[in-house]
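Working notes, beginning with the structure itself.
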Amino acid sequence: MFARYRKDTSIKPVPAAPVQDAPKPKVAPSPSSAAPQPAPATRQEARKAARADVPDKIAQRRLRINALKSDLHKRLLEDLNLAALEKASEAEVRAEISAIVAEALSEFDVVLNHDERMMLNHDLYFEVMGLGPLEPLLGDDTINDILVNGPKQIFIERAGKLELSDVTFRDDRHLMRIVDKVVSAVGRRVDESNPYVDARLADGSRFNAMVAPVAVDGALVSIRKFKKEKLGIQDLVDFGAFSPEMALYLEAAVATRLNVIVSGGTGSGKTTTLNALSSFIGNEERVLTIEDTAELQLQQIHVGRMESRPANMEGKGAVTQRDCLRNALRMRPDRIIVGETRGEEVIDMLQAMNTGHDGSMTTIHANNARDGISRLENMVAMAGLEMPLRAVRSQIGSAVNLIVQVSRLQDGSRRMMSITEITGMEGEIITMQEIFRFERTGLEPGGKIVGHFTATGLRSSFAERFARWGYDLPATLYEPTGPR
Ligand SMILES: Nc1ncnc2c1ncn2[C@@H]1O[C@H](COP(=O)(O)OP(=O)(O)OP(=O)(O)O)[C@@H](O)[C@H]1O
Ligand SMILES: [Mg+2]
């Protein structure tokens, strides 16, 4: 029934090595090993050898099954018609794999118990159809990031903390095969002359790989998992990322179309915050989003999404964020959201913010609001715009209304450290005032950071604007509070 997924079955595949011939593990050789052992020279050595011979049966068996898996995988790749498999259902593929495996096992004269056989079929399905050993990690919703440092070291991030997983690849080639699989699925290539690549996995996760020789110890892969359920404003308040008062203020700021920049370090929650803030945008507005890798999931009805594209192998066909942004200005947007501003597109972003597309938002990599402004200045300078610093600053000062600073603290928690308004220019200096901040008060013995959110006591310079738009925030919102 499933033979249609096999290649020409009249061709006998090269039999895979039986389990007995599988590469022997370097640790604790099996006592049944037929290879003659050289006689130990001293009694001490003999004792040592005997100890090493104590069979760790489970580990041995696992190593053998791994070797068997590798052989079976090779056979599956030889036997299966991968092109036909693409159209097959999951059940059909699983059944076909299971049939080929059963055939091979009886040929090799290997007996596996039910659980081992199920596990083997399961793993082989992931090898053939998915990302091999990474699949269980991709399927685990508590994991945010997967970071591969060569074949034998895979870290994961859970609840803001990095931990080493017990998942490994067999070897460099195994890892590279998975990388190639992802990259070729999006029509790209990664090799010595093209050593790094960005891609998106079928489930929407962000994928970046860098391979040898630039990656010194084997391919480096970073995956930011795609969350189907994006964190909303209420979730973030519940997690302690910011206070309900800050949420009220942010609602007024976004709804009254202030231009907002979310600033933070890598993995600090910038995109998550931007996505949550976008929930305050009205349904009657036309929103255009521009990203390098589409991660934002806006809930509004009227959203146009754009994704930039790198050049192809001939170095042609690149569509930059700046290209998207320039085109977006001709697409009658009410608001433009750029996932992350990191280069020359800053000029068009500032121009858009200054010329009627207020309510636009973006993120930048910076450590605090002041630093964020310097980053913007630097990006303008790098874009090659010959403009005196004062003019650049006045562009930034009038374009940006609000900088929201997010951070991942050392205890793994992600918090909004400050909300700062840009109030104007004084001479050459952009003036700003902080409205809310996270006040750190101590450190618990377990390493947990203690602190609370508070207003600074300064009234928003946009209070009248908020009131005009029907967001009459109470004056008490701006009063400092202690720990709750
Ligand atoms: N307040 C929060 N509480 C718990 N998890 C969070 C919080 N904010 C973000 N996260 C999770 O942290 C991870 C990183 O978040 P996000 O992608 O928003 O960071 P980023 O700053 O945009 O990262 P990058 O610099 O890589 O673009 C995500 O998996 C996200 O779901
Ligand atoms: Mg991001």
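Taken together, the values in this text are just the output of simple stated rules run on the coordinates, not laboratory data. Source: prediction; values computed, not measured. Positions of Cβ are generated from backbone atoms using ideal geometry, with glycine treated the same way; all protein chains shown enter the neighbour counts.
Some notes on this structure:
- Inter-centroid distance (Cα atoms) of the stretch 124-147 relative to the stretch 324-378, Å: 35 Å
- Cut-off 17 Å (backbone N to label point 7 Å along Cα→Cβ of D358), residues of the stretch 245-284: 250-261, 281-282
- Subtracting the Cα-Cα distance of S461 and D191 from their residue separation scaled by 0.36 nm leaves 91.9 nm.
- In degrees, nearest ten, helix 345-354 long axis to first principal axis of the chain (Cα): 30 degrees
- Anisotropy class of the stretch 339-484 from Cα gyration tensor, a/c 1.5 cut: oblate
- Cα gyration tensor category, rounded, prolate or oblate, for the stretch 261-384 with a/c compared to 1.5: rounded
- Against the main long axis of the alpha-carbon atoms of the chain, helix 43-53 sits at an angle near 70°.
- Extended-chain gain in nm, criterion 0.36 nm per residue less alpha-carbon gap, N367 and I58: 106.3 nm
- Packing-based exposure ordering (other Cβ within 10 Å, fewest first) of L409, L258: L409, L258
- Near L105: Cβ cut-off under 12 Å, other residues only, Lys/Arg at +1 and Asp/Glu at -1. The net charge is -2.
- Sorted by Cβ density within 10 Å, fewest first, the residues D235, D71, D203: D203, D235, D71
- Sites W469 and D109, calculated FRET efficiency, Cβ-Cβ separation with R0 56 Å, nearest 0.05: 0.10
- According to the calculation over all Cα-Cα pairs in the chain, the P(r) per 20 Å bin from zero is 19, 43, 26, 11, 1 %.
- The residues neighbouring A253, those whose beta-carbon lies less than 12 Å from its own, together hold a net charge of -1 under the Lys/Arg +1, Asp/Glu -1 convention.
- Rounded to 5, the percent of DSSP beta bridges in the stretch 233-478 classed as antiparallel: 50 percent
- Calculated FRET efficiency for the pair K228/N283, C-beta based, R₀ 22 Å, to 0.05: 0.50
- Charge tally around R342: other residues with Cβ under 10 Å, Lys/Arg +1 each, Asp/Glu -1 each, net -3.
- Fully extended contour minus Cα-Cα distance, from D141 to T168, at 0.36 nm per residue: 7.8 nm
- The E116 and L443 beta-carbon pair, evaluated with R₀ = 30 Å, returns a calculated FRET efficiency of approximately 0.05.
- With Cα atoms defining each centre, the stretch 415-438 and the stretch 293-309 are spaced 29 Å apart in the structure.
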